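The structure appears below as structure tokens.
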Amino acid sequence: GPGLNLAAKKAGKKYFGSATDNPEFTDAAYLKILNDTNEFGQITPGNSMKWDATEPEQNTFTFSGGDQVLDLAEGNGQIVRGHNLVWYNQLPSWVTSGTWTNATLTAAMKNHITNVAGHYKGKVYCWDVVNEPFNDDGTYRTDVFYENIGIEYIAIALQTAREADPNAKLYINEYNIEYAGAKATSLVSLVQSLKAANVPLDGIGVQGHLIVGEVPTDLETQLALYASLGVEVAITELDIHVTDLPTTLPETAALLAQQQEDYQSVITACNNVPGCIGVTIWDYTDKYSWVPSTFSGQGDACPWDANLDIKPAYNGILAGFA
Ligand code: G3I
């Protein structure tokens, strides 16, 4: 195609990018498109920089998977979004099942951030420092960090990341904040209080795991609201999945057309907000999308199909940047 990253750059954005994962690197046809900087100017490792991958045993760090993604991106001249440092999910059991006090878990968290962000110092554009801190009702997720350290874990994580890599943009990344509601309101309050306390925070990541035919109509309003808080905004994990995969072709064509419209709406929303600096899709092909394995009978979320051919969604993205 004519190039999604080229279209994004022409529109004044920093990048259009894709998530990827190490097992996919054996697929030459897949890599050929991933490596094409006309399509992708940015890469996010889907799993290999997470806590379970990088510190499987306490204070034993393994960077081979993350390095492989970074090397690929560096070789292509693509920037990398580091994903992620502190998240309730994909934690090794020594974290989730450990016996912690505030002091011991704070030390373990700081050690993790210092080592991982330190290893990639100067090499990543940004870090999702804190991932998914809220429940959908706007309360804090009562994960191991919140339970042992309290809300302060967020400020401590951000400060530690700043010290480890002063030039990386530091993000809080969250889903179901594409529309107004309790979760979005809580995030805004958190960002305001962090800013008021001079805690380092540079960006809000809006994940963008959406459903065909259900793109929130107030997405642009929300992106503008977040940008107004004095941070940059990025759509970090965009995919728009079909909830009830059809078996007959006419229905598929209708869904693909709706999906094209939906991708265009999301890109238009980012395009219309100057503080929205880029968009990342959560892998570019249905061949490797996370959706079907998590939601049975659902999927077809990406702009390329499982044969690596572009879908109508591709043209929706181009149109959104136009
Ligand atoms: O590595 C193991 C492997 O050893 C084992 O044999 C296999 C059997 O199930 O599992 C492998 O781990 C899987 C891992 O991906 C690596 O492939 C996990 O089961 C699987 O749950 C995990 O899924 C990832 C998911 O995060 C976990 O929550 C997806 O690939 C990844 O795309 C997804 O990404 C998240 C973002 O980080 C945050 N936002 C939501 C997004 C989608 O869920």
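Consider the stretch 103-162. How many of its residues are in a loop (DSSP other than H, G, I, E, B) and either within 19 Å of the chain's Cα centre (by Cα) or closer than 25 Å to ASP67 by Cβ (or both)? Don't jump to the end; show me each part of the working.
In the first step, residues of the stretch 103-162 are kept if they are in a loop (DSSP other than H, G, I, E, B); the result is 120-125, 132-133, 135-139, 141-143, 150-151.
Within this subset, residues satisfying the condition of being either within 19 Å of the chain's Cα centre (by Cα) or closer than 25 Å to ASP67 by Cβ (or both) are 120-125, 132-133, 135-136, 141.
Final tally of qualifying residues: 11.
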Of the criteria (1) open to solvent by less than 60 Å² (accessible area, probe 1.4 Å); (2) within 22 Å of THR160 (Cα to Cα), which one THR20 fails
(2)
Residue by residue through the stretch 121-140, note down the ones that are of a type in the set (Phe, Trp, Tyr), open to solvent by 20 Å² or more (accessible area, probe 1.4 Å) and in contact with a helix residue (DSSP H, G or I) (Cβ under 9 Å, 6 or more places away or on another chain).
TYR140
Hey, does the stretch 174-194 have a residue that's within 16 Å of the ligand (Cβ to nearest atom) and among the aromatic types (Phe, Trp, Tyr)?
yes
Filtered residues of the stretch 158-174 (kept if in contact with a helix residue (DSSP H, G or I) (Cβ under 8 Å, 6 or more places away or on another chain) and not small (Gly, Ala, Ser))
LEU158, THR160, GLU163, ASP165, LEU170, ILE172, GLU174
With respect to TYR125, is the statement that it is hydroxyl-bearing (Ser, Thr, Tyr), away from the ligand (no atom under 16 Å from the Cβ), in contact with a Lys or Arg (Cβ under 9 Å, 6 or more places away or on another chain) and more than 17 Å from GLU55 (Cα to Cα) true?
yes
Heads up, the helices (runs of 4 or more DSSP H) in the stretch 219-305 (entirely inside) with at least 3 residues that are farther than 22 Å from GLY203 by Cβ are 249-271, 291-294
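If you take the residues of the stretch 51-77 that are open to solvent by less than 10 Å² (accessible area, probe 1.4 Å) and either more than 14 Å from the ligand (Cβ to nearest atom) or not in a helix (DSSP H, G or I) (or both), which of them is farthest from VAL129 (Cα to Cα)?
In this case the residue turns out to be ALA73.
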Residue count, the stretch 272-294, condition more than 12 Å from the ligand (Cβ to nearest atom) and in contact with a strand residue (DSSP E or B) (Cβ under 9 Å, 6 or more places away or on another chain), comes to 10
Only one of these conditions is not met by TYR88: (1) under 22 Å from LEU170 (Cα atoms); (2) open to solvent by less than 60 Å² (accessible area, probe 1.4 Å); (3) within 13 Å of the ligand (Cβ to nearest atom). Which number is it?
(2)
Name the single residue that is nearest to PRO45 (Cα to Cα) among those in the stretch 93-120 being open to solvent by 60 Å² or more (accessible area, probe 1.4 Å) and polar (S, T, N, Q).
THR114
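The values are calculated or read from the model by the stated rules, or taken from the named source; none is laboratory data. In this text the structure is predicted, and so the values were computed from the model without any measurement. Heads up, the Cβs are rebuilt from the backbone with ideal geometry, glycines too, and the neighbour counts pull from every protein chain shown. Side chains are part of the model used for accessible areas, which takes the heavy atoms of the whole protein and leaves out ligands, DNA and RNA. Shrake-Rupley method; radii C 1.70, N 1.55, O 1.52, S 1.80 Å.
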